[in-house]
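The values are calculated or read from the model by the stated rules, or taken from the named source; none is laboratory data. All values reported here derive from a predicted model rather than from experimental measurement. Here Cβ is always computed from backbone atoms with ideal geometry, including for glycine, and neighbour counts include all displayed protein chains. Protein only, heavy atoms only, side chains kept; ligands, DNA and RNA dropped before computing areas. Shrake-Rupley method; radii C 1.70, N 1.55, O 1.52, S 1.80 Å.
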Amino acid sequence: MTAHLTVVGLGPAGPDLVTAGTLAAIEATPRRYLRTGRHPAAALLGDAPTFDAVYDASETLDEVYRSIVATLVDAAATHGSVLYAVPGSPVVAERTVELLVGASGRGIEVELLPAMSFADLVWARLRVD
């Protein structure tokens with residue numbers, strides 16, 4: 001059986017910028033994790049565990065990312081389907097997502113649901129085309 005890991009982006013700000021696809025995935029997946037609870041849209045995931053303590057306790061970002069990936073891969077293997085929510089978009093500057101995609105060869109199917117990134121807001125505010 002292949003485990004399924006859905007990675008969604010919470011966008012750059014509050015819940016009003018979260019996509020309908022991400023909202024549907026959150027609703028459909030009871031086992032959820034947040035990269036950080038320090039995000040304006042984090043409340044959409046209820047009491048989902050965060051990795052904030054891992055950031056606080058680790059000495060390097062590489063250590064943080066490997067710990068997050070190991071936890072998510074184990075959770076997906078155990079529960080069959082897991083959702084991981086990240087700030088912004090999972091396809092913009094997300095090292096954990098790169099590592100998770102690399103884990104797809106270990107019996108984990110990784111689905112990415114892109115979202116608005118912080119860059120989109122910056123470009124709009126600066127009127128950059």
Only one residue in LEU17, LEU23, LEU61, LEU5 is surrounded by 16 or more Cβ atoms within 10 Å (Cβ to Cβ), on the phi < 0 side of the Ramachandran plot, in contact (Cβ under 8 Å) with a residue 12 or more places away in the chain and out of contact with any helix residue (DSSP H, G or I) (no Cβ under 6 Å at 6 or more places or on another chain). Which one? LEU17
Has region 32-44 got at least one residue that is surrounded by fewer than 16 Cβ atoms within 10 Å (Cβ to Cβ) and in contact (Cβ under 8 Å) with a residue 40 or more places away in the chain? yes
All but one of (1) surrounded by 19 or more Cβ atoms within 10 Å (Cβ to Cβ); (2) more than 20 Å from LEU17 (Cβ to Cβ); (3) modelled with pLDDT of 90 or more; (4) not polar (S, T, N, Q) hold for ILE108; which doesn't? (3)
Restrict the check to region 79-99 and report whether at least one residue is touching a residue at least 40 places away in the same chain (Cβ under 8 Å), under 12 Å from LEU5 (Cβ atoms) and open to solvent by 30 Å² or more (accessible area, probe 1.4 Å). yes
